[in-house]
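Trainee: Below you will find the structure I want to go over with you.
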C-alpha cells in the first residue's frame, strides 16, 4: 500500500499512521551517496577557505558556487530535461541538511537553489525554463532573489515594486528599487518578486 502524502505540518494536527512518516533510516543508497558527495564538497572547498568565505569574499563565493554546479549540486531537484538530476523532495531535503553545515556558503547555495531557481521552475513558462533553469541547474548562471526595499526590509507585502503593461501592450515596465539581494555575488539572473515574478538578466 502506498503511503499517503502529508501536507506541511498536518502530522501535528491529524491522526497519522507511523508508516506515513518518513524517517532517516529510509534514505536509500543513492540518497546517502549524494549526501556524502555534498559533505565531501564542504570538506574540500568550503572548510579550507572558511575565513575568506565568512569575510564575504564575493569572488571566492562565486567560484565555490560554480564548482558546486559543476558537481551537480545545484540541479538535484531540477528535472533532467532542464539539466538537473530529477531527484525527489526527500533527496533535496537531505542535500539541504548536509550543506547546511557550510556556514555562509550554505546560505548562498540554498538561496540559489531555492528562491533563485525554483520559482522559475514552478511558475516560469517553457522559454524561461529553457533559458534560465538549464543554466541555473549547472551553475553557469547564479540566481538571486530581489526582495528587500528601502522601508520594507524583508516584508514582501510592504514593497513598492510594481509592474505595469506598456501603453501598446507589448511589454511590462518594472519599477523597482532593490539595493540589497539575498545572494549578492555578481549575479547573472535575478528573480524580482512583488507582486509577481520577473526574470531579468544582469546587464
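Read the figures in this text as sums done on the coordinates, not as results from a lab. Just so it is clear, the structure is predicted and the values come from calculations on it, not from any experiment. Don't worry about glycine lacking a Cβ; one is built from the backbone with ideal geometry, like all the others, and counts go over all protein chains shown.
Trainee: When a/c reaches 1.5 or more, the comparison of a/b and b/c decides; with that in mind, is the stretch 59-113 rounded, prolate or oblate per its Cα gyration tensor?
Mentor: Values: a/c = 2.65, a/b = 1.34, b/c = 1.98.
It comes out oblate by the Cα gyration axes.
Trainee: Mind jotting down the distance between the C-alpha centroids of the stretch 146-161 and the stretch 105-138, whole Å?
Mentor: So the separation of the two Cα centres works out to 21 Å.
Trainee: Once you have a ≥ b ≥ c as the square roots of the Cα gyration tensor eigenvalues for the stretch 103-179, tell me rounded if a/c is under 1.5, and otherwise prolate or oblate according to whether a/b is larger than b/c. Kindly include the intermediate steps, with their values, before the conclusion.
Mentor: On the way: a/c = 2.69, a/b = 1.18, b/c = 2.29.
Because a/c hits 1.5 or more and a/b fails to exceed b/c, the stretch 103-179 counts as oblate.
Trainee: Kirkwood Rh over Cα pairs of the stretch 27-201 into Stokes-Einstein at 25 °C, 0.890 mPa s: D in µm²/s? Could the numbers behind the result be given before it?
Mentor: Details: Rh = 16.9 Å.
My calculation gives 145 µm²/s for D.
Trainee: Next up: Explain nothing, just the number: relative contact order of the stretch 29-147, from Cα pairs under 8 Å at least 6 residues apart, as a whole percent. Present the calculation step by step, with values, prior to reporting the outcome.
Mentor: Numbers: 140 pairs, mean separation 35.5, N = 119.
Worked out over the stretch 29-147, it gives 30 percent.
Trainee: Given R₀ = 22 Å, FRET efficiency for residue 175-residue 63 by Cβ-Cβ distance, to 0.05?
Mentor: On the way: r = 34 Å, r/R0 = 1.55.
That pair, residue 175 with residue 63, gives E of 0.05.
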